[in-house]
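Undergrad: Here you go, one structure.
Only the coordinates and a few stated rules stand behind these numbers; no lab work does. Quantities reported herein were computed from a predicted structural model and do not represent experimental measurements. Virtual Cβ from ideal backbone geometry, glycine too; neighbours counted across all protein chains shown.
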Amino acid sequence: MSKIKPQPGIMDIELYQGGATHVEGVSNVVKLSSNENPFGPSPAAIKAYEAGARSLHRYPSSDHAELRAAIASVYSLDGDRIICGAGSDEIIAFLCQAYAGKGDEVIHTEHGFAMYAISARAAGAKPVEVKEQSRVTDVDAILAACTNKTKLVFIANPNNPTGTMIALSEVERLAAGIPEQAILVLDGAYAEYVEEYDGGAALVDARENVVMTRTFSKIYGLGALRVGWGYAPKAIIDVLNRVRGPFNLSDAGLRAALAAVQDQAYVNQCREANAKWRDWLSHALAAHGVPSDVSLANFILARFGSDEEAGACDAYLQSQGLIVRRVKGYKLPKALRITVGDEASCRQIAHAVGQFKGGAR
Ligand SMILES: *Cc1c(COP(=O)(O)O)cnc(C)c1O
């Protein structure tokens, strides 16, 4: 036996399963498996990205001052309390690395995002899964699961893959009720899709134990470039900056994100199109006997009668060139998560699900 061994916890990590991108033998697929913006990024972001091609030999900014100032201005936040990461995944990893280790507990919910448990284990800590109530975050259950070892509590609001959301008053109750050594992390990957919602930013301002994470991968359509950010009390930002690599963001990512955040007209357009077609799609599927919870995000969680039926529908959709996401790994074996695409993709999905339900296989 080799004496070379990884740190405890590492071999317990289950590899992250990304959304599929192609189907054997089918060209022209419609990818609705990763909650990407079907319209792509703002044209201004693409232009800014291209403008960087002449300075690839230069290291990028290490303090991200320009991007942080732009985010601060658009979202009315304090730029000194923003940290940028290679996707919000990296902010999640920084939090675990800096605040959780051997013997510590990191809480996530039953159908919560996979990266919380992965990053907790990578830091040597123990992920603790808490039940949801019919696919909705259950604040009382989380509070009951807290111990003197709890260091981080992760919730996504709206949540992925359920699409459901809890009220800010509930989030406040959670922040006030967790033990004093713990931090509440509000993952706002889909916050821009919710009208009149600050992602919990005011709560970050009001308290010392709340952190908000955000991303450029979803409504901003820049998943390829890996840009995310966090908003936290100054003391926590000072800690996270110590574990952050100096050049964790690429110049291309910084340029594109800066232009993207400054084009809020485009963001509003994407939010409106998403809301319209999300509601259309959920009604169309319900009419075919496939219900879903009210989603506040850019996807819906379509529920089938059984594990087998969900699998069969997934296979049928694939045969039609439509790629959606099975969410067995999220303890939802009877469901398929379907990203809200453009009008044409929504109509295609509804048509195909109707055919499947009508007996086509
Ligand atoms: C997509 C997603 C993210 C964003 O990840 P990035 O690393 O920023 O691309 C974070 N949290 C949740 C819940 C997500 O669904």
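Undergrad: Highest first, please rank the peptides 219-229, 60-70, 162-172 by the mean number of other Cβ atoms sitting within 10 Å of their residues.
TA: For the peptides 219-229, 60-70, 162-172, the packing ranking is 219-229, 162-172, 60-70.
Undergrad: Here's something else I'd like to know. Counting other beta carbons within 10 Å of each Cβ, put Cys270, Cys96 in order, fewest first.
TA: Fewest to most other Cβ atoms nearby, the residues stand as Cys270, Cys96.
Undergrad: Only Lys, Arg, Asp and Glu count, each charged at its Cβ (+1, +1, -1, -1), so figure out the dipole size of the chain about its Cα centre, rounded to 20 debye. Before the final figure, lay out the partial values.
TA: Working: 37 positive and 40 negative charges, 193 e Å.
Dipole size: approximately 920 debye.
Undergrad: Enumerate the amide H contacts of Val327 below 5 Å, restricted to partners 5 or more residues apart or on another chain; note that Pro and chain-start residues carry no placed amide H.
TA: Here Ala335, Arg337 satisfy the definition.
Undergrad: Can you give the direction-averaged projected area of the convex hull of the alpha-carbon atoms in the stretch 43-263, in nm²?
TA: The directionally averaged projection comes out at 11.4 nm².
Undergrad: How large are Rg and Dmax for the stretch 204-277 when calculated on the C-alpha trace, in angstrom?
TA: For the stretch 204-277, the Cα radius of gyration and maximum Cα-Cα distance read 14.7, 43 Å.
Undergrad: Determine, for the stretch 43-263, the count of lysine pairs separated by eight or more sequence positions (or lying on different chains) whose alpha-carbon distance falls under 14 Å.
TA: Qualifying lysine pairs in the stretch 43-263: 5.
Undergrad: Going by the alpha-carbon gyration tensor, a ≥ b ≥ c the square roots of its eigenvalues, is the stretch 178-332 rounded (a/c under 1.5) or, if a/c is not under 1.5, prolate (a/b greater than b/c) versus oblate?
TA: Prolate.
Undergrad: Between Ser134 and Ile46, what length comes free when the chain is fully extended (0.36 nm per residue of separation minus the Cα-Cα distance, one decimal in nm)?
TA: Between Ser134 and Ile46, full extension yields an extra 27.6 nm.
Undergrad: Then there is this: For the stretch 262-285, list residues with backbone N below 19 Å from a point placed 7 Å from the Cα of Ser73 toward its Cβ?
TA: 262-268, by backbone N distance to the label point.
Undergrad: Still on this structure: So, in nm, how far is label Ala312 from label Glu66 when the simple model puts each one 7 Å beyond its Cα toward the Cβ?
TA: With each label point 7 Å from Cα toward Cβ, the separation is 5.6 nm.
Undergrad: Per DSSP H run of n ≥ 4, the term is -39500 (n - 2.57); total these for the chain, divide by its residue number, and report the mean residue ellipticity at 222 nm rounded to 500 deg cm²/dmol.
TA: Calculated mean residue ellipticity at 222 nm is -11500 deg cm²/dmol.
Undergrad: Eigenvalues of the Cα gyration tensor times 5, then square-rooted: what semi-axes does that give for the stretch 136-233, in whole angstrom, largest first?
TA: 23, 14, 13
Undergrad: Give me D for the stretch 24-96 in µm² s⁻¹, whole number, from Stokes-Einstein with Rh from the Kirkwood sum over alpha-carbon pairs, 20 °C and 1.002 mPa s.
TA: The diffusion coefficient I find is 136 µm²/s.
Undergrad: Here is a further query. Under a plain spin-label model, where a point goes 7 Å from the Cα along Cα-to-Cβ, how far apart in nm are Met11 and His283?
TA: With each label placed 7 Å out from Cα toward Cβ, I get 5.5 nm.
Undergrad: Can you check what the net charge comes to around Gly311, using other residues whose Cβ is under 10 Å from the Cβ of Gly311 (Lys, Arg +1; Asp, Glu -1)? Provide the component values of the computation, followed by the final result.
TA: Working: positive: Arg326, Lys328, Lys334; negative: Asp307, Glu308, Glu309, Asp314.
Net charge around Gly311: -1.
Undergrad: Something else about it: Give the order of Asp12, Asp205 when sorted by the count of other beta carbons within 10 angstrom, beginning with the fewest.
TA: Fewest-to-most ranking of Asp12, Asp205: Asp12, Asp205.
Undergrad: State the Cα centre-to-centre distance between the stretch 176-227 and the stretch 39-104 in whole Å.
TA: Measuring centre to centre over Cα atoms gives 14 Å.
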